[in-house]
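First the structure, in the form of structure tokens, and then the observations on it.
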Amino acid sequence: MTRGSANAPSRERIVAGAADMISRRGLSATSIREMAKHAKAPLGSTYHFFPEGKQQLAGEAVRYTGEWVARSLRKELEAGPAAGLRAFLDLWRKIVVDSDFHAGCPVLAVAIEEPPADEVPPALAAAAEVFEQWEGLLAASLRDHGAGEERAAQLATLVVAAVEGTVAMCRAKRSTQPLDHAAEQLQVLIAAAIGD
């Protein structure tokens, strides 16, 4: 993910910086003060834009990442589900490699946090929405290219889950091998789904 430029509006810069920081450290290990500092934004401005605090900012960071990925997916899926898969994989490969395996996906980072009892925090709800958005885009492309309704939905879930999981594995192993292995098998499954 690219952080907002120094000339970007403060709110967008704060959201982009929060997404980057969460992708590296997770949500629990990141304070709103650290997110503001990472974005080179005053703490007062951060609270001005996000009066509900850390969860509000984290939710916005997750949605920002979700839309950033969705834009790429929409564009590449015009050429079909195989092209969309390649773009999805390449995007995450670039993030883990460019960050020297220090950054992953802020959506996943938020999703694995332990929520308070009997509560769905805004950031966790945003993560669920983003995963559904990515699955929906992939499933629609699969359906448009000949996959049945149920198979398209299941394969889209598998793609998102596999890619998110292998991004975490890449960080742990400091290697893109897990992503490369998953890519080969996912490509085979997509070809079979649209070729039936």
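Based on what the data block shows, is residue 58 outside any loop (DSSP other than H, G, I, E, B), open to solvent by less than 60 Å² (accessible area, probe 1.4 Å), over 17 Å from residue 179 (Cβ atoms) and modelled with pLDDT of 90 or more?
Judged against the criteria, residue 58 is a match.
Scan segment 111-141 residue by residue and report those that are modelled with pLDDT of 95 or more, open to solvent by less than 50 Å² (accessible area, probe 1.4 Å) and not small (Gly, Ala, Ser).
130, 131, 134, 135, 137, 138
Working only within segment 97-111, note down all residues that are within 18 Å of residue 159 (Cα to Cα) and not small (Gly, Ala, Ser).
So in segment 97-111, the residues within 18 Å of residue 159 (Cα to Cα) come out as 104-109, 111.
Correct list: 105, 106, 107, 108.
When segment 145-172 is examined, which residues are found to be in contact (Cβ under 8 Å) with a residue 12 or more places away in the chain, more than 19 Å from the chain's Cα centre (by Cα), in a helix (DSSP H, G or I) and surrounded by fewer than 20 Cβ atoms within 10 Å (Cβ to Cβ)?
151
What are the residues in segment 7-34 that are in contact with a Ser or Thr (Cβ under 7 Å, 6 or more places away or on another chain) and either aromatic (Phe, Trp, Tyr) or within 20 Å of residue 116 (Cβ to Cβ) (or both), if any?
Of everything in segment 7-34, those that are in contact with a Ser or Thr (Cβ under 7 Å, 6 or more places away or on another chain) and either aromatic (Phe, Trp, Tyr) or within 20 Å of residue 116 (Cβ to Cβ) (or both) turn out to be 22, 32.
Applying the selection to segment 68-81, what residues are part of a helix (DSSP H, G or I), open to solvent by 50 Å² or more (accessible area, probe 1.4 Å) and either without any contact (Cβ under 8 Å) to a residue 60 or more places away in the chain or on the phi > 0 side of the Ramachandran plot (or both)?
Once the filter is applied, which keeps residues that are part of a helix (DSSP H, G or I), open to solvent by 50 Å² or more (accessible area, probe 1.4 Å) and either without any contact (Cβ under 8 Å) to a residue 60 or more places away in the chain or on the phi > 0 side of the Ramachandran plot (or both), segment 68-81 yields 71, 75, 76.
The values are calculated or read from the model by the stated rules, or taken from the named source; none is laboratory data. The shown structure was predicted, so the numbers you read here are calculated from the model rather than taken from an experiment. Please note: Cβ atoms are built from the backbone with ideal geometry, for glycine as well, and neighbour counts cover all protein chains shown. Areas reflect the complete protein model, heavy atoms only, side chains present, ligands, DNA and RNA absent. Shrake-Rupley method; radii C 1.70, N 1.55, O 1.52, S 1.80 Å.
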